[in-house]
1. Starting from the Cα gyration tensor of the stretch 1-45, take the square roots of the eigenvalues, sort them a ≥ b ≥ c, and report rounded, prolate or oblate (rounded when a/c is under 1.5, otherwise prolate if a/b is larger than b/c, else oblate).
2. Tell me, what HN-Hα J-couplings in whole Hz come from the Karplus equation 6.51 cos²θ - 1.76 cosθ + 1.60 at θ = phi - 60° for each residue of the stretch 124-136, using x for Gly and Pro?
3. What lysines could a cross-link reach from K156, if we take a straight Cα to Cα line under 24 Å and drop same-chain neighbours fewer than 8 places away?
4. Rounded, prolate or oblate: pick one for the stretch 186-258, where a ≥ b ≥ c are the square roots of the eigenvalues of its C-alpha gyration tensor, a/c under 1.5 means rounded, and failing that, prolate if a/b is larger than b/c, else oblate.
5. Alpha carbon centre of the stretch 1-32 versus the stretch 167-189: separation in Å?
6. Subtract the Cα-Cα distance of R223 and L40 from 0.36 nm times their separation in residues, and report this length gain in nm to one decimal.
7. Apply the Karplus curve 6.51 cos²θ - 1.76 cosθ + 1.60, θ = phi - 60°, to the phi angles in the stretch 211-221 and return the couplings in whole Hz, x for Gly and Pro.
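No value in this document is a laboratory result; all are computed from the given coordinates. Remember, predicted model here, so these are calculated numbers, not experimental data.
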Amino acid sequence: MNRLAQSALLFLLGATLLHAGTTDLYLRYVKEGLRPLVLLAGAVLVVTAAATLHYDRRGRASAPHPSQRHPSQRHPSEHHRPEHHRPEHHHEPRVAWLLTLPVLALILVAPPALGSYSASHTGTALTKPLGFPDLPAGDPLHLGVADYAGRAIYDKGRSLRDRDLRITGFVTLDRDGTPYLVRMGLNCCAADAQPVKIALTGAVPPVLRPDTWLEITGRYTPRRTEDPVNGRPVPYVQVTAARPVPTPRDPYDETWNS
């Protein structure tokens with residue numbers, strides 16, 4: 001790959017990172033707190049691309065033509081080769097430009113956030129929280145999936161009893177058709193995303209499509225089950241109402257491991 005192709009790839013990749021970092025697109029790949037690093041990486045790549053192109057052009061401009069070099073500086077083979085047969089520069093294979101296709105794909109076709117397929121093939125990653133802060137007064141109480149699951153399993157629902165709860169997540173179904181409300185949690189990026197699940201019971205909509213985002217209103221129930229993937233405990237929530245909602249700005253839940 002020649003310097004022009006290198007510069008183009010660096011610039012495209014840097015521009016992609018800058019585009020992702022200045023929009024919400026980066027939230028499909030990394031945690032919200034990593035936005036400054038995404039922007040910094042994009043800026044460094046763009047500057048590197050510009051510097052690579054600048055120094056390459058300056059080097060070509062200052063390099064003498066083979067016919068202008070002193071005979072002592074020429075390669076021995078050039079002494080017996082006619083001027084019109086001497087190559088001026090080396091052409092790199094054009095197939096190298098195909099390396100731009102993956103970068104263009106990232107720009108033009110942004111993949112969705114991880115959803116029901118990943119959740120149904122990965123066991124719940126719920127871990128015991130360090131503590132259970134007091135919950136605010138007033139109903140309905142808005143809770144994250146991981147917050148409800150942690151309190152229901154490891155605190156036996158003490159702080160959830162007799163409260164109207166409102167929880168948002170996407171739907172996934174196990175092999176038996178049992179519906180779960182799920183949020184994927186991140187340690188740093190989508191590559192290490194893991195699900196936390198809540199099983200649904202009560203006034204569950206009769207038809208549920210995987211990856212549909214639901215806002216459910218319900219109450220704590222001591223009922224629990226085991227995740228069919230890894231056998232870890234999954235709490236139920238008694239649904240009293242449910243409605244579809246748009247995909248949130250940040251589809252990942254960072255509260256469970258913060």
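1. prolate
2. Result, rounded to whole Hz: 4, 9, 4, 10, 5, x, 5, x, 10, x, 4, 8, x.
3. The qualifying lysines are K128, K197.
4. oblate
5. 30
6. Contour length minus the Cα-Cα distance gives 61.1 nm.
7. Ordered by residue, 3J(HN,Hα) equals 6, 6, 8, 10, 10, 9, 10, x, 9, 5, 9 Hz.
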